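Okay, so here's the structure we're looking at.
The values are calculated or read from the model by the stated rules, or taken from the named source; none is laboratory data. All figures in this text were calculated on a predicted structure; none of them were measured in a lab. Cβ sites come from the backbone with ideal geometry, for glycine too, and all protein chains shown count toward neighbours. Just so you know, the surface numbers come from the protein's heavy atoms only, side chains and all, with ligands and any DNA or RNA stripped out. Shrake-Rupley method; radii C 1.70, N 1.55, O 1.52, S 1.80 Å.
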Amino acid sequence: MVDISFLERTRAGYDRTAAGYADAFAGHLDDKPLDRAMLRAFADSVPAGWPVVDVGCGTGAATAILREYGAAVSGIDLSPNMIDQAHRLCPDIDFTVGSMTALPLPDESVGGVCAWYSIIHVPDEALAGVFAEFRRVLIPGGVALAAFQVGDQPRHLTEAFGEHVDLVFERRRPDSVAESLGAAGLPVYAQLVRAPDDDGVESTPQGYLIARKPNRQQGVSP
């Protein structure tokens, strides 16, 4: 059985730091053209007319950009306080409290799943279940986007914005994440790795993968 205690630690950490996080990072994508390009490519890859869900949406920064790019997007996050901040910053987008380990969505109900730096708190032993959830809620032909820090060793954060936290940031190699997505029935379609920006925040390369759930006629199953 997978230990899901990481969910409580993650929720508690972001509940404590939601206001500070919103103040620091609400506009952090404004000057990141490659990040925005991946969000644009993802939004343009979603089958026409199908909704998109931003899983682990935080304060809604990526959610708002996806809407700007024409996606019919909503957001889900584990932290109620982060969802409160998302409602404040993006009052015309639907945000819901929920977990990516058990998405509150019907089977094959969305055309896109965005996991923008949200799988970074999922331990290796729980990642397969999360990607299985992505596949479950995606329509055949739908796409998933995963963004994450690249590396081999996790980072353990015990303080943020003046608050005590217990947050583990899993750093992974793109090939490893791609293998996990493929094993879940979501073969990778496109990828990007860029160097860390000299902004005082990033210390590792950043990875972005777009995966696609095969159409039924392709006869591919996990």
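The table below gives the values:
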read-out: Answer residue from segment 34-70, given it is in a loop (DSSP other than H, G, I, E, B) and touching a helix residue (DSSP H, G or I) at 6+ places or on another chain (Cβ under 8 Å) and is surrounded by the fewest Cβ atoms within 10 Å (Cβ to Cβ) among those; value: 70
read-out: Residues within segment 19-45 that are at pLDDT 95 or above and in contact with a Ser or Thr (Cβ under 8 Å, 6 or more places away or on another chain), tallied; value: 0
read-out: Qualifying residue in segment 133-145 (condition: under 25 Å from residue 25 (Cα atoms), crowded, with 20+ Cβ neighbours inside 10 Å and modelled with pLDDT of 95 or more); value: yes
read-out: Test for residue 128: is it part of a helix (DSSP H, G or I), open to solvent by 20 Å² or more (accessible area, probe 1.4 Å) and either closer than 18 Å to residue 187 by Cβ or touching a strand residue (DSSP E or B) at 6+ places or on another chain (Cβ under 7 Å) (or both); value: yes
read-out: Near pairs, Cβ below 8 angstrom, 6+ apart or cross-chain, from segment 195-218 (of a type in the set (Lys, Arg)) to any residue that is part of a loop (DSSP other than H, G, I, E, B) and open to solvent by 50 Å² or more (accessible area, probe 1.4 Å); value: 212/187
read-out: Residues that are touching a helix residue (DSSP H, G or I) at 6+ places or on another chain (Cβ under 6 Å) and open to solvent by 60 Å² or more (accessible area, probe 1.4 Å), drawn from segment 82-97; value: 97
read-out: In segment 60-70, the residues that are under 12 Å from the mean Cα position of the chain (by Cα) and either under 9 Å from residue 112 (Cβ atoms) or not aliphatic (A, V, I, L, M) (or both); value: 60, 63
read-out: Some residue of segment 162-172 being within 21 Å of residue 189 (Cβ to Cβ) and modelled with pLDDT of 95 or more; value: yes
read-out: Single unsatisfied condition, residue 73 versus (1) surrounded by fewer than 24 Cβ atoms within 10 Å (Cβ to Cβ); (2) in contact (Cβ under 8 Å) with a residue 12 or more places away in the chain; value: (1)
read-out: Enumeration of residues in segment 13-33 that are surrounded by 18 or more Cβ atoms within 10 Å (Cβ to Cβ) and closer than 14 Å to residue 80 by Cβ; value: 13, 14, 16, 17, 18, 21, 22
read-out: Single unsatisfied condition, residue 173 versus (1) open to solvent by 50 Å² or more (accessible area, probe 1.4 Å); (2) touching a helix residue (DSSP H, G or I) at 6+ places or on another chain (Cβ under 6 Å); (3) basic (Lys, Arg); value: (2)
